[in-house]
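The structure appears below as C-alpha cells.
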Amino acid sequence: MRFIPVILFLLLAVLSLSLCEPRAKARSRADPLPVARPVPFNFPGKGLWNLIPSFSDLVRKVVPGAGEIFFLSKNVLAGTPSKVVSYYVNKVCGIASYWNVLKPNYAPQEADLHWELYSDNSVVSAPLKDPSPFIESKGFNPDLNITILVTGWESLVSDKLGEDVIDSMRKAYRQRETENLIVFDAGRFVNSLYRWATLNALWVGEVLGNALVHLSKKVNNPRIHLIGHSVGATIVGVAGRRYHGSTGEYISRITGLDPAMPCLDASIGLRKGDATFVDVIHTNSGVLGKREPIGDADFYPNGPVALPPGCLNVVCAHFRAVSYYVESVQPGSEDNFLAIRCGSIDEYNTKKCSGKRIPMGYSTPSYVRGTYYLETNAKSPYGQNSV
Ligand SMILES: *[C@@H]1O[C@H](CO)[C@@H](O)[C@H](O)[C@H]1NC(C)=O
C-alpha cells in the first residue's frame with residue numbers, strides 16, 4: 001500500500017516531463033571541473049511551481065529516497081523489464097531535480113567526513129582532512145601500497161548491504177596483507193535522496209581528492225588504488241581529477257565496480273584519464289549501473305546484461321561487481337575470471353575473438369585497453385576458472 005503514492009508520483013513525473021523536460025547541459029571533456037557546491041541547482045521557472053504549496057508538498061512527500069528506489073527496483077517492479085525500471089528511476093530523478101523540492105535530510109560538513117584504516121585487529125578512524133592518525137597508527141605499514149574503498153549509497157539502504165561490501169573487502173585484503181586498506185563509507189554522507197547524492201558526489205569527491213593530496217605528501221610510496229562502488233565510482237573519479245589538478249600527478253589506479261548510472265550527471269562520472277589506469281566491471285548494465293564503456297578497460301561478465309546468472313533483481317546485480325572483485329582479491333583466485341578482448345558480446349558468443357585471456361579484478365594488468373567479455377557462475381565461486 002505504501003507504494004501507491006510512489007506509483008502516482010511516477011505517473012505524474014512522466015506526464016510533467018513529457019510536457020517540459022529540462023535539458024541537461026552538455027559539458028565537454030575539456031571543460032574545467034565544475035565548482036563543487038553542496039546545494040541543489042536552480043532551474044528558472046521552478047519558483048512558480050513552488051508557489052503552489054499543495055503541489056510541492058505532495059511531491060516532497062511522495063518522491064522516493066535512495067532506499068525506496070532500491071526497494072522499488074527490487075520488489076514492486078519485479079518481473080518488469082529492467083529497461084522499464086531504469087526509465088522510471090531516471091524519470092523520478094529528472095523530475096525531482098527539476099522541481100528542486102528535494103532537500104537533503106542531512107547536509108554533511110567537511111568536518112563530519114571520516115575514513116577508516118582497517119588492519120588486523122583494529123580500525124582507526126581519521127577526519128578525511130587529516131590522515132595523520134593513520135600514518136601514526138600501528139596498523140599502517142608505510143612500506144605497503146594503499147587501497148581505498150569508497151562505497152556508494154548501500155549503507156543507507158540497508159546496514160547489512162553496506163557491511164557486506166566493507167566486510168567482504170576487508171576479509172579478502174586481510175588474507176593478502178600486501179596493502180593498507182582504507183575505507184571511506186561515503187554512503188553515510190550521501191544519504192537522503194539519490195539525486196541529492198549526485199550533487200554531493202561532486203562535493204564529497206573533491207574533498208576526497210584534496211585529502212589524497214595530503215595523504216600522498218605524508219607517505220613515501222604514494223601508490224594509491226581507489227575502488228569505488230556505485231555512486232562511490234563517481235566520487236573516486238572526481239577525486240582522481242582533483243588530485244591531478246592539484247599535483248599534476250595521477251592516482252595509480254581506479255577501479256569502478258558497476259559505476260552508478262541513474263540520476264548522475266554523466267559529465268562528473270568516472271572515466272578514463274581519472275587515473276593512470278581505470279578499469280571497470282559492469283554487472284547491472286543500463287539500470288543501476290552504466291552500460292557504456294568508460295574506462296581504459298571495461299569488463300562485461302556475461303555481456304552488457306541487467307541480470308547476471310544467479311540474480312533475480314537489479315539490486316543483486318548491482319552488488320555482483322563487488323562479489324566478483326572480492327573473489328579475485330583472495331590469494332590463489334587472481335585468475336578466476338579470465339576475459340577476452342572483443343568488440344561485442346555477439347562476437348564473443350560466436351567465438352570470433354581470440355587473443356590473450358586477461359584476469360578481471362585485482363590482478364588486471366594496467367596495460368590492458370578495450371572491452372572484455374567472460375562468463376561467470378551463478379554461485380560462488382563465480383569465476384569459471386576457479387580451481
Ligand atoms: C606497490 O605497487 C606497485 C605497482 O603496482 C608494485 O610494483 C609494488 O610491488 C607494490 N609494492 C608492494 C610492497 O606491494
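Laboratory data are not the source of any read-out in this text; all were calculated from the coordinates shown. Since this is a predicted model, take the numbers as computed values, not measurements. With ideal geometry, Cβ positions are generated from the backbone for all residues, glycine too; neighbour counts draw on all protein chains shown.
See the values below:
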quantity	calculated
Greater than 24 Å apart at Cα, pairs in K352/K379; K129/K171; K272/K356; K171/K379; K138/K218; K138/K171	K352/K379; K129/K171
Relative contact order of region 110-374, pairs being alpha-carbon contacts under 8 Å that are 6 or more residues apart, as %	14 percent
Theoretical gain in end-to-end length, S137 to T276 [0.36 nm per residue, Cα-Cα removed]	47.1 nm
Region 110-374: C-alpha gyration tensor shape, a/c 1.5 cut-off, then a/b vs b/c	prolate
Residue exposure sequence - V368, V150 - by fewest surrounding Cβ within 10 Å	V368, V150
Paramagnetic reach from N145 in region 226-266 [backbone N under 12 Å; point 7 Å along Cα→Cβ]	226-227, 252-255
Cβ-based exposure ranking for C353, C311, in which fewest neighbours within 10 Å come first	C353, C311
Counted charge near I135, where neighbours are those whose Cβ lies closer than 13 Å (Asp, Glu -1; Lys, Arg +1)	0
Size of electric dipole in region 110-374: Cβ of Lys, Arg +1 and of Asp, Glu -1, about Cα centre, debye, nearest 20	620 debye
Region 315-387: chymotrypsin sites (Phe, Trp or Tyr not before Pro) in DSSP coil with no more than 11 other Cβ atoms inside 10 Å	Y367
Charge context of A239, other residues only, Cβ under 9 angstrom, K/R +1, D/E -1	0
Nonlocal amide H pairs with G286, under 5 Å, H built at 1.01 Å	R291
Potential extension, H214-S125 segment - 0.36 nm per residue separation minus Cα distance	30.4 nm
